[in-house]
1. Taking residue 465 as meeting all but one of (1) within 27 Å of residue 146 (Cβ to Cβ); (2) modelled with pLDDT of 90 or more; (3) within 28 Å of the chain's Cα centre (by Cα), write down the number of the exception.
2. Exactly one of these conditions fails for residue 210: (1) at pLDDT 95 or above; (2) buried (at least 23 other Cβ atoms within 10 Å of the Cβ). Give me its number.
3. It is to be established whether one or more residues within the stretch 377-396 are out of contact with any strand residue (DSSP E or B) (no Cβ under 8 Å at 6 or more places or on another chain), assigned to a helix (DSSP H, G or I), within 30 Å of residue 51 (Cα to Cα) and free of Cβ contacts under 8 Å to residues at least 60 places away in the same chain.
4. Of these, 204, 241, which one is more than 20 Å from the chain's Cα centre (by Cα), modelled with pLDDT of 95 or more and outside any loop (DSSP other than H, G, I, E, B)?
5. Tally time: how many residues in the stretch 6-40 are part of a helix (DSSP H, G or I) and within 22 Å of residue 423 (Cβ to Cβ)?
6. Where residues in the stretch 70-87 are assigned to a loop (DSSP other than H, G, I, E, B) and touching a helix residue (DSSP H, G or I) at 6+ places or on another chain (Cβ under 9 Å), which of them is nearest to residue 199 (Cα to Cα)?
7. So is residue 432 crowded, with 18+ Cβ neighbours inside 10 Å and under 30 Å from the mean Cα position of the chain (by Cα) or not?
8. Scan the stretch 407-426 and tell me whether some residue there is more than 30 Å from residue 291 (Cβ to Cβ), free of Cβ contacts under 8 Å to residues at least 12 places away in the same chain, out of contact with any helix residue (DSSP H, G or I) (no Cβ under 6 Å at 6 or more places or on another chain) and not in a helix (DSSP H, G or I).
């Protein structure tokens, strides 16, 4: 091992440093999952799982209105993780972060093979880590998107499964390109991936439609992608089926009635376009530094990833390529915004925007990468540009180390304190119940520090209190902040 390290070039050392930095940052995000606990909708799901069982709760697809029971995948996976109790909610965050990183790596690696690019595997690993890290770090509501089961599953889970599905669809193969096992897995993942939420379903379905359109359009210029037509088509069929089931549930209409009249076609198109555009604008306006860091990082990675033989391409093709990437990115952001624009005539909740966040991050990465390739067309720039790129990467890693420190300082004490209060409260309720006390006063947990995620309130008839009381098997629970 020491001998191998001695043989590494400066470029390889810097890439290795980046892999270590982003691995540490992602490891911290995963570790914070140990402080996950039950909140809000979790109590109602858990109470129903205890009283009705998993299958009985799934049957609530047609009549339960306490939560979004039409989202059959959300109900199913909530039940599966609930079987593990607190361990289940602690495990859910690292599980999906790992699956997200693995899927992103597989997808990027497959695209490299499909387009015959000679990019070092270490740079693919680093690129996956950067995309994963900034998707989480810049999440519009990191707590609800990654540290609350009923926020993670309906929105982050379909995002992760979408990336996983595309990593399977783009898997280069020959004899087994239409392998029955792979097709079955894609069908199942697409069906359940589309059943977590309306936004997740729209995002997945739109992504599959765009991919199929691109494969058909470029079928003559890249025959390698033709083997993905069948799996992508199957994925689209089953994702569409999931969308139909979400809409067809009687509880969907009940939820629609709460919001009044839905948007007209013109309002729907206008709101979807304007809200999506505002997300992009506000992202750059409110967080300019991390977005600039991402741009320069992927530009620099593209420069140092050059092969000995630099591909020559026309500037016109570069412009069209950038435009296509930008349009696809916008369409995917709009797809995740569309259900809220239609139903609520408003932007989606912050936790829903995790799909838009990933899309914007990936779009920036692709466009900056292409810009780096364009810069390499000027032969006289290559040597000085390489040194500049290496320096930029070191700066980027320093910025990331700083952001990791900020995350640890601001989130670790807060999440740990909330978990400690929750655990103390949980023990108190169980002790009071064993003593025969059925109306229990407990300490509330302030929701403001983590963005307003609702918890038990003073009113024992509040829906969260009522569900928690059912879960613990007591008459009533009321909570007050100290």
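1. Going through the list (1) within 27 Å of residue 146 (Cβ to Cβ); (2) modelled with pLDDT of 90 or more; (3) within 28 Å of the chain's Cα centre (by Cα), residue 465 breaks only (3).
2. (2)
3. No, because not a single residue in the stretch 377-396 is out of contact with any strand residue (DSSP E or B) (no Cβ under 8 Å at 6 or more places or on another chain), assigned to a helix (DSSP H, G or I), within 30 Å of residue 51 (Cα to Cα) and free of Cβ contacts under 8 Å to residues at least 60 places away in the same chain.
4. Checking each option against the conditions leaves just 241.
5. The qualifying residues number 8.
6. Among those residues, the one meeting the criterion is 71.
7. no
8. No, because not a single residue in the stretch 407-426 is more than 30 Å from residue 291 (Cβ to Cβ), free of Cβ contacts under 8 Å to residues at least 12 places away in the same chain, out of contact with any helix residue (DSSP H, G or I) (no Cβ under 6 Å at 6 or more places or on another chain) and not in a helix (DSSP H, G or I).
The values are calculated or read from the model by the stated rules, or taken from the named source; none is laboratory data. The structure presented is a predicted model; accordingly, all values stated were derived computationally and were not measured. Quick reminder, even Gly has a Cβ in these numbers, built from the backbone with ideal geometry, and neighbours come from all protein chains shown.
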